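No lab work stands behind these numbers, since they all come straight from the coordinates. The shown structure was predicted, so the numbers you read here are calculated from the model rather than taken from an experiment. Cβ atoms come from the backbone with ideal geometry, glycine included; neighbour counts cover every protein chain shown.
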Amino acid sequence: MTKITYIQPDGTEIDVHAREGESVMELAIRNNVKGIVAECGGACACATCHVFVDEAFADVVGAPGELEDDMLDGAATPREQTSRLSCQIKVRADLEGLRVRVAPEQF
Amino acid sequence: MPEVPVADWVDVGQLTINPYPVYSRLLVESPVAYVPQLDRYLVTSFEGCRQIELDQTTFSSFEEERSSTMIRALGRSMLRHDDPRHQELRAAIAPSLRPKAISESWNDVFHRLADTYISRLKAAGPGADFFTVFAAPYAADALTAILGFDGVSAETMMDWSHTLIRGISNVTRDDEVWVQTDRVRSEIDMVLDKAIQRVQRTPDNSVVSSLVHAHGLSDEDVRNNVRLAISGGMNEPSHVMTSMIWCLTEFPNARAKIESGEATWSQVFEETARFHSPVGMYPRKVTRETELLGVHIPKDATVGVVVAAANRDPSHFNNPDTFVLGREEKTHLAFGNGPHVCAGKWVARAMIRDVVMPRLASEFNALKALIPEETRFTGWVFRGTDNLPVTWNQAN
């Protein structure tokens, strides 16, 4: 089980344990992590699961794909260097300890 | 086994006039209930509607062709497929409706149309009908541009859209409605043929171009999904624009907040979509015996996902029947949820929230509904008003 930490805009940290292959979005929804809306259920069609990946993990998580990149341009909170749509980040063992900040607005 | 709630008191006539009192009662008494007059299970709670969208295997969009008025009217589009085929078709249309296409192509169109229709509204003068003079033709022309059609008047696009919707709603299987649907399909095909040829030579950001250049779509797929876009991409925006003007007249507190800058157009847009959801209900077919919020639903039942009701669910929204800007609860279901969430969502927001409303606010002084108390909203599956006389202060 891989540990993922979500950091809320107010600084609260939530640690959860992920199953291999589920997305960082699915993990959040399953654990009722506030602020991840996921309107489209993971189809990369709504940009309401926006997170900022901690700098230390940016390389191992990687850059957004083309469609995801386009969707991030339309995200409610302006995108940052390490912005990703959490539905597009699949949990893997090498993401152990991943920290992501939940975007303050998804609308 | 607990009894299935049966809401035999629900009357379709009443729903069409004003569904909200019906929704209030269902939300309290039986948020999942079998409604005999409709022969379907209506799901009105926010939680129920969301759960349905999380399980497209049980709650399928597939529909058999022979029993589907939508398929008879439009052909089988992405809206009547489940994943993976749905996702393939959705991915095919997506490039034309995304933020990048909007900033590259559609934003300019929205402003150009605002120039045109603001002039027309000014020329028509105070007392003009906002829906007929501005909202309906604006939305029609915007759709024409986004589709990639040339030389189609607003009147023609409105005729096409309304006729296809009549076909989709043709539950009594009236033959005359099919005659008109087929007429419109031929007319669309003639224009679409030319558009297809054009985009094959020169790709662009249009819906036709995205569909034509996508992998794995047949000619029939292209046409079915163009028809879907025609039926779905015009009435809702025109209804929301009109409703926003009405809401800001009817609710002076909200008006004061937007005028002072305390509230944003985004808040007005989302709250209007929640309060007067332009799409009220859409169906799903139950593929296996299941249970939803403790209610047993048999295989082959039809479920109505009543998002307009979910948007007034007191378990999810504080003071749900009050128009409130800047709500805590930001999520609403006016654009649906899950894989079939509205593909036109970005376009609708860019058009209305980012262009139309700010432009109207800057070019009209105190634009408002003339007689808001006389405005008639109708419908429940689709709901809106087709008539809104407006007034404004003219400079001397």
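FRET efficiency for the pair B:I371 and B:A395, taken as 1/(1 + (r/R0)^6) with r the Cβ-Cβ distance and R0 = 25 Å, rounds to 0.60.
Based on alpha-carbon atoms, the Kirkwood radius and the radius of gyration of segment A:1-74 give Rg/Rh equal to 0.93.
Using just the helices of chain A, give the 222 nm mean residue ellipticity in deg cm²/dmol: DSSP H runs with n ≥ 4 each add -39,500 (n - 2.57), and the total is spread over all residues, rounded to 500. Don't jump to the answer; show the numbers that get you there.
Values: 3 runs with 19 residues, N = 107.
-4000 deg cm²/dmol, from helical runs alone.
Length gained on full extension, B:N107 to B:E220: 37.7 nm, using 0.36 nm per residue less the C-alpha separation.
Place a +1 charge on the Cβ of each Lys and Arg in segment B:252-315 and a -1 charge on the Cβ of each Asp and Glu, then give the dipole magnitude about the Cα centre in debye, rounded to the nearest 20.
Approximately 200 debye in magnitude.
Using only the C-alpha atoms, the convex hull of segment B:145-252 corresponds to 142 Å³ per residue. Of the residues B:V226, B:V207, B:V177, the one that moves most in a GNM of chain B with alpha-carbon contacts below 10 Å is B:V177. For segment B:24-73, the square roots of the Cα gyration tensor eigenvalues, ordered a ≥ b ≥ c, give a/c of at least 1.5 with a/b no greater than b/c, which places it in the oblate category.
Between B:S119 and B:D150, the simple label model (points 7 Å from Cα in the Cβ direction) yields a spacing of 2.3 nm. Computed from the Cα positions only, the extents of segment B:1-111 along the three principal axes stand at 53, 35, 28 Å, in decreasing order. If every alpha-carbon in segment B:271-396 counts as one equal scatterer, what log10 I(q)/I(0) does Debye give at q = 0.21 1/Å? Scattering profile of segment B:271-396, log10 relative to I(0): -1.43.
Arranged from fewest to most other beta-carbon atoms within 10 Å of their beta carbon, B:Y117, B:Y41 become B:Y117, B:Y41.
Principal axis analysis of the Cα atoms in segment B:62-153 yields extents of 50, 33, 21 Å, listed in decreasing size.
Comparing mean-square fluctuations of B:W380, B:W178, B:W246 from a GNM of chain B with C-alpha springs under 10 Å, the top value falls on B:W178.
Modelled this way, with points 7 Å down the Cα-to-C-beta line, the labels at A:K3 and A:D94 are 2.1 nm from one another. Computed over the Cα atoms of segment B:237-295, pair by distinct pair, the Kirkwood hydrodynamic radius stands at 13.8 angstrom. For the protein assembly as shown, build the charge dipole from Cβ charges (+1 Lys, Arg; -1 Asp, Glu) around the Cα centre, then report which of B:F149, B:G280, B:A128 sits farthest towards its positive end. Farthest towards the positive end: B:A128. Relative to the globular-protein estimate of 2.2 N^0.38 Å, the Cα radius of gyration of segment B:36-189 stands at 1.28. Using the Cβ-Cβ distance between B:E262 and A:D10 with R0 = 30 Å, the FRET efficiency computed as 1/(1 + (r/R0)^6) comes to roughly 0.85. The equivalent ellipsoid of segment A:1-44 has semi-axes of 17, 15, 7 Å, largest first, where each one is the square root of 5 times an eigenvalue of the Cα gyration tensor. Where Rh denotes the Kirkwood radius from the mean inverse Cα pair distance, what is Rg over Rh for chain B? Reported Rg/Rh (Cα atoms, Kirkwood Rh): 0.96.
The helix-based estimate of mean residue ellipticity at 222 nm for chain B, built from -39,500 (n - 2.57) per DSSP H run of four or more residues and divided by its residue count, is -14000 deg cm²/dmol to the nearest 500.
Our analysis of the protein assembly as shown gives Rg over Rh at 0.95, with the two radii drawn from alpha carbon positions and Rh computed by the Kirkwood formula.
A Förster distance of 60 Å, applied to the separation of the beta-carbon atoms of B:K194 and A:A56, puts the FRET efficiency at 0.65. Across segment B:225-327, the volume of the C-alpha convex hull divided among the residues equals 117 Å³ per residue. Which listed residue (B:F364, B:T290, B:V306) has the Cα farthest towards the positive end of the charge dipole for segment B:289-396, taking +1 on Lys and Arg C-beta and -1 on Asp and Glu C-beta about the Cα centre? It is B:F364. Each of B:E270, B:E374 has some number of other Cβ atoms within 10 Å of its Cβ, and from fewest to most they run B:E374, B:E270.
Considering every Cα-Cα pair within segment B:224-269, what fraction, in whole percent, is farther apart than 18 Å? Taking all Cα-Cα pairs of segment B:224-269, the fraction more than 18 Å apart is 42 percent.
Under the simplified labelling scheme, the B:N318-A:E66 pair shows an inter-label distance of 4.6 nm, with each label point 7 Å from Cα along Cα→Cβ. Extension gain, B:T57-B:N253: 0.36 nm per intervening residue step, less the Cα-Cα distance, totals 66.1 nm. Among the listed pairs B:K257/B:K368; A:K34/B:K100; A:K34/B:K285, those whose Cα-Cα separation exceeds 21 Å are A:K34/B:K100; A:K34/B:K285.
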